[in-house]
Amino acid sequence: MDTKQRILDEALTLFSEKGYANVFVADIAEKVGIKAPSLYKHYKNKQAIFDAIIEEMNRRFLEEAGNLQINGADATEDAEIYKHISEEQLITLGNNLFLYFLHDDYTRRFRKMLTIEQFHDKKLATAYMKQYVDDPLSYQEILLGLMVSAGVLQTENVEIMTLHFYAPIYMLLTICDREPEREKEALIKLEAHIRQFNRLYARNEEIIQDNKISRRKKK
């Protein structure tokens, strides 16, 4: 791990343990084993370190999304993928994404830090809302809206349908953050949630199969 990465890693650890406001650049430099002036050669201030942590976390997620054969950021592109997968494949994908967010150490520490600090710092409250509310809901509303347009799902209100899908998943994640021993229970509930969601919003498996056949012909 190079110095820039070590700075981010140690800073994230300190932020998650002591809180963002209680950590100073000198503290980060000491943990890395360098002097503060040397740290400033890599990042101009603590805010720059925080911004770089978010960029690194998002980079890691997109890498994981690629491993799972989805884009992870482009809802339009991912809608084309979701149109062609079965309920069982959707459950497997949902489990893998849930476990990534739960166990990826970088993501876990960042979530812990923002969860605590959102009540002490307006800027971090905004970051929390963007990372865990606004951006996920925006992505999923576009994705689910396209699924409705394709006839795979049915609803009169895509915004509410999006809340129905996302809110239980994030609640299960926060439960596991606080009580890790409930992970197995959470995964069982996650599967039940996805199956029930498909039934409530009439996921049409016949259309999915037709989409698969059409996709093969195009290839």
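Descriptive notes on the structure:
- Dipole magnitude (debye, nearest 20) for the chain, charges at Cβ of Lys, Arg, Asp, Glu: 400 debye
- Unsatisfied cross-links (Cα-Cα over 25 Å) in the set Lys4/Lys184; Lys18/Lys46; Lys122/Lys184: Lys4/Lys184; Lys122/Lys184
- Only one of [x] 56, 49, 39; [y] 59, 40, 30; [z] 63, 38, 29 was calculated from the structure for Cα extents along the principal axes in Å, and its label is [z].
- Here the dipole of region 9-73 is about 280 debye; that uses its Cα centre as origin and unit charges on the Cβ of Lys and Arg (positive) and Asp and Glu (negative).
- Were the residues from Glu179 through Lys41 laid out at 0.36 nm apart, the gain over their Cα-Cα distance would be 45.7 nm.
- Region 1-49 - Debye-derived log10 I(q)/I(0), Cα point model, q = 0.15, 0.17, 0.22, 0.29 Å⁻¹: -0.30, -0.39, -0.67, -1.19
- Using the Cβ-Cβ distance between Tyr106 and Leu163 with R0 set to 22 Å, the FRET efficiency from 1/(1 + (r/R0)^6) comes to roughly 0.20.
- Theoretical gain in end-to-end length, Thr76 to Phe24 [0.36 nm per residue, Cα-Cα removed]: 14.6 nm
- Counting 0.36 nm for each residue step from Leu68 to Asp2 and taking away their Cα separation leaves a gain of 21.0 nm.
Quick note: the coordinates plus some simple rules give every number you see, no bench work behind them. The structure displayed is predicted, hence computed values, not measured ones. Neighbour counts run over all protein chains shown; Cβ positions are idealised from the backbone, glycine included.
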